[in-house]
1. Please give the peptides 193-199, 32-38 ranked by average Cβ packing (other Cβ atoms within 10 Å per residue), highest first, as a rough proxy for protection.
2. Tell me which label goes with the value of Rg/Rh (Cα atoms, Kirkwood Rh) computed from the coordinates here: (i) 1.04; (ii) 0.96; (iii) 1.06.
3. Relative contact order (percent) for segment 215-337, with alpha-carbon contacts under 8 angstrom and 6 or more residues of separation?
4. Of the listed peptides 124-130, 24-30, 180-186, what is their order by residue-averaged count of other C-beta atoms within 10 Å, with the highest listed first?
5. Given K232/K305; K152/K197; K92/K129; K33/K92; K11/K191; K283/K319, which pairs have Cα atoms separated by over 24 Å?
6. What is the chain's relative contact order, in percent, from Cα pairs under 8 angstrom and six or more apart in sequence?
7. Given points 7 Å out from each Cα along the Cα-Cβ axis, report the E96 to I249 separation in nanometres with one decimal.
8. Ranking E55, E150 by Cβ neighbours within 10 Å, fewest first, what do you get?
Amino acid sequence: MNFSQLISQLKQNKTDSVYLILGDQAYLSDQIKRAFTALIPQEERSMNIGSYDMEETPISSAVEDAVSVPFFGDRRLVMINRPYFLTGLRVKAKVEHHVDDFLNYLQRPESSTIMVIFAPYEKLDSRKKITKALKKVATTVEIGKLRESEIKSTVKKRITEAGYTIDESALERMMQLTSGQLTTMMNDLPKLFLYNKDTKKITLTAVNGLVSPSVEQSVFDLVNSVLKKNAKESMDIYRNLILESQEPIGINAVLIQQFRLLIQVMILQKHGYSQGNLAASLKVHPYRVKLALQTVRHFNYQELKDAYLGLVETEREMKSSNRSPELLFELFLLKFMRPNHA
């Protein structure tokens, strides 16, 4: 089930006993929480809605709430957040979870309770007994892997509801600046609404002036600048990232990841992988794959390989020498950009 199907079901007051909301999309998660909350009458919410963070509260507490009879109402809503025990992640949480209590509940969910598990992760550990049991019982709603068209339609719908319009070029630029992150785009809309309150039309100029590029987009711009061998622009972007409190070694690490992605995309594309298959196989955001495909058209494998290996060497030196990280990055640029570099 997808987000739209779930909202449609809830508007018809149709519910299942257990839901698994899988994916890290804060905006959609908030919309889903509001939709479930709306199922409980206003006067009953303080008594019949429970929300539990698994990094702070044991699962047993949520289960105890779920098996309780609703107070002066027909239904109880129990929302479980950040259930890291369903994944292979190691979390510094001082909470002891007795998942057997959860397993027992899943075998016989309470008919008067709606249990909603919000798992803001790319994937769960399917080898775990508790994960298998949950997937068998729960209605799973995927919200993390949205296609570009779904992101755009969701943003346009919100803009239309507010009484505004947006140019296609402006929407595409928003996608680019935010790296296709729906939550970031939604968070930027209020200031765009305020700026364009007289015309009710969001333009490319407004987007360029008000939407700040994400770190991912800045790194992507840096990658392209490096490949185009534009030293001045590369250093300008690099220094801006540092001014935004990005650590040099962190910037270098993200650059390595981006060049690795470009190499993988180039190789897999030659083996017949489509954009959708690439995103699924590499487990990255579809918009990142789209931008990577646009980039690899203009450069060859040797250039990508040389940049990647040069950055790996730069990272080694950043960790082992006392030289300025900024100087080391400049030396990488000089070496990569000189004619017939080795």
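Every number here is computed from the coordinates shown, using simple stated rules; none is lab data. As the structure is a computational prediction, the values presented were derived from the model and not from experiment. Glycine gets a Cβ as well: all are built from the backbone with ideal geometry, and neighbour counts include every protein chain shown.
1. Details: 193-199: 12.4, 32-38: 16.3.
Most protected by this proxy first, the peptides run 32-38, 193-199.
2. (i)
3. Details: 91 pairs, mean separation 39.1, N = 123.
About 32 percent, as a whole number.
4. Numbers: 124-130: 13.9, 24-30: 18.1, 180-186: 20.0.
The densest-packed peptide leads the list: 180-186, 24-30, 124-130.
5. Numbers: K232/K305 22 Å; K152/K197 21 Å; K92/K129 22 Å; K33/K92 26 Å; K11/K191 30 Å; K283/K319 28 Å.
Long pairs (Cα-Cα over 24 Å): K33/K92; K11/K191; K283/K319.
6. Details: 428 pairs, mean separation 52.2, N = 342.
The value is 15 percent.
7. 3.7
8. On the way: E55 13, E150 16.
So the residues, fewest neighbours to most, are E55, E150.
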